[in-house]
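A.B. asks: This structure is in structure tokens; I'll ask about it shortly.
The values are calculated or read from the model by the stated rules, or taken from the named source; none is laboratory data. Please read all numbers here as calculations on a predicted model, not as lab measurements. For neighbour counting, all protein chains shown are included, and Cβ atoms are generated from backbone atoms with ideal geometry for every residue, glycine included. Note: accessible area is taken over every heavy atom of the protein model, side chains too, but ligands, DNA and RNA are not part of it. Shrake-Rupley method; radii C 1.70, N 1.55, O 1.52, S 1.80 Å.
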Amino acid sequence: MKKTVMFLALILFLFSPAFAKIHQVPSQHIATIQEGIDIAMNGDTVLVLPGVYYENINFKGKNILLTSNFIFGQDTNAIHNTIIDGKDTASVVIFNSKEGPSSIILGFTVRHGWNSAGGGILCYDSSPRITYNIIKENVASSFFWPGASVGGGI
């Protein structure tokens, strides 16, 4: 399993354009994960440090790697300690702009999402890679669209 993740990281490194950047969250100019996604360009990495991030994020069609420190040593503590918390307001993570397998979320706990579909991760008309994440305590409720609640987690 560790070899697979390391191989994935190596492939991403070798085949990323020479101008690809790593954007660290938080940093001096980036306070939120969404800000990191917004400034990232295709091929970039958004590296999120351990902590609880109370926000709802959208990949907006970008082919980026969103990762925690899990990528460096496959220590599952990084997954448990890097949390995206949706505050029970909407889907926590959204892929709805035709994202493909080059849009990757790796090494997070995704919790407290609430939507009629995809409480934790809403994936519509997209096929991202969702790898080594814990998706828990999310809800799909038919409050908005009666009879249409599906996918509390994804």
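A.B. asks: Could you list, in sequence order, all residues of segment 100-121 that are open to solvent by 30 Å² or more (accessible area, probe 1.4 Å) and at pLDDT 95 or above?
C.D. replies: Passing the criteria: PRO101, SER102, ARG111, HIS112.
For (1) modelled with pLDDT of 75 or more; (2) of a type outside the set (A, V, I, L, M, F, W, C); (3) in contact with a helix residue (DSSP H, G or I) (Cβ under 7 Å, 6 or more places away or on another chain), each residue gets a yes or a no:
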| site | (1), (2), (3) |
| --- | --- |
| LEU10 | no, no, no |
| SER27 | yes, yes, no |
| ILE33 | yes, no, no |
| LEU49 | yes, no, no |
| VAL52 | yes, no, no |
| GLU55 | yes, yes, yes |
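A.B. asks: Identify all residues within segment 128-150 that are open to solvent by 70 Å² or more (accessible area, probe 1.4 Å) and either part of a loop (DSSP other than H, G, I, E, B) or at pLDDT 85 or above (or both); write none if there are none.
C.D. replies: Within segment 128-150, ARG129, LYS136, GLU137, PHE143, PHE144, TRP145, PRO146, GLY147 meet the criteria.
A.B. asks: Quick one: would you say ILE83 is touching an Asp or Glu at 6+ places or on another chain (Cβ under 7 Å) and under 18 Å from THR131 (Cβ atoms)?
C.D. replies: No: the conditions fail for ILE83.
A.B. asks: Just the residues that are modelled with pLDDT under 95 and of a type in the set (Asp, Glu), please, taken from segment 57-99.
C.D. replies: Of everything in segment 57-99, just one residue is modelled with pLDDT under 95 and of a type in the set (Asp, Glu), namely ASP88.
A.B. asks: Here's something else I'd like to know. Of all residues in segment 29-46, which are hydrophobic (A, V, I, L, M, F, W, C), surrounded by 18 or more Cβ atoms within 10 Å (Cβ to Cβ) and either free of Cβ contacts under 8 Å to residues at least 40 places away in the same chain or not in a helix (DSSP H, G or I) (or both)?
C.D. replies: ILE30, ILE37, ALA40, VAL46
A.B. asks: Let me ask something else. Can you name the residue in segment 81-96 that is in a loop (DSSP other than H, G, I, E, B) and charged (D, E, K, R) and is also surrounded by the most Cβ atoms within 10 Å (Cβ to Cβ) among such residues?
C.D. replies: Ranking the candidates gives ASP88 first.
A.B. asks: Confirm whether SER102 is out of contact with any Lys or Arg (no Cβ under 6 Å at 6 or more places or on another chain), within 21 Å of ILE39 (Cβ to Cβ) and in a loop (DSSP other than H, G, I, E, B).
C.D. replies: The answer is yes for SER102.
A.B. asks: Same structure again: Please give the number of the condition THR67 fails out of (1) closer than 25 Å to SER27 by Cβ; (2) open to solvent by 10 Å² or more (accessible area, probe 1.4 Å).
C.D. replies: (2)
A.B. asks: Which of (1) out of contact with any helix residue (DSSP H, G or I) (no Cβ under 8 Å at 6 or more places or on another chain); (2) assigned to a helix (DSSP H, G or I) is the odd one out, the single condition ALA78 does not satisfy?
C.D. replies: So ALA78 meets the others, but not (1).
A.B. asks: Determine the pairs where a residue that is of a type in the set (S, T, N, Q), located within segment 71-87, has a partner that is in a strand (DSSP E or B) and open to solvent by 20 Å² or more (accessible area, probe 1.4 Å) with Cβ atoms under 7 Å apart, the partner being 6 or more residues away or on another chain.
C.D. replies: Qualifying pairs under 7 Å: THR82/GLY51.
Here's the yes/no breakdown for (1) within 18 Å of PRO101 (Cα to Cα); (2) open to solvent by less than 60 Å² (accessible area, probe 1.4 Å); (3) of a type outside the set (Val, Ile, Thr):
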site: PRO50; (1), (2), (3): no, no, yes
site: TYR53; (1), (2), (3): no, yes, yes
site: ASN56; (1), (2), (3): no, yes, yes
site: ASN63; (1), (2), (3): yes, yes, yes
site: ILE71; (1), (2), (3): yes, yes, no
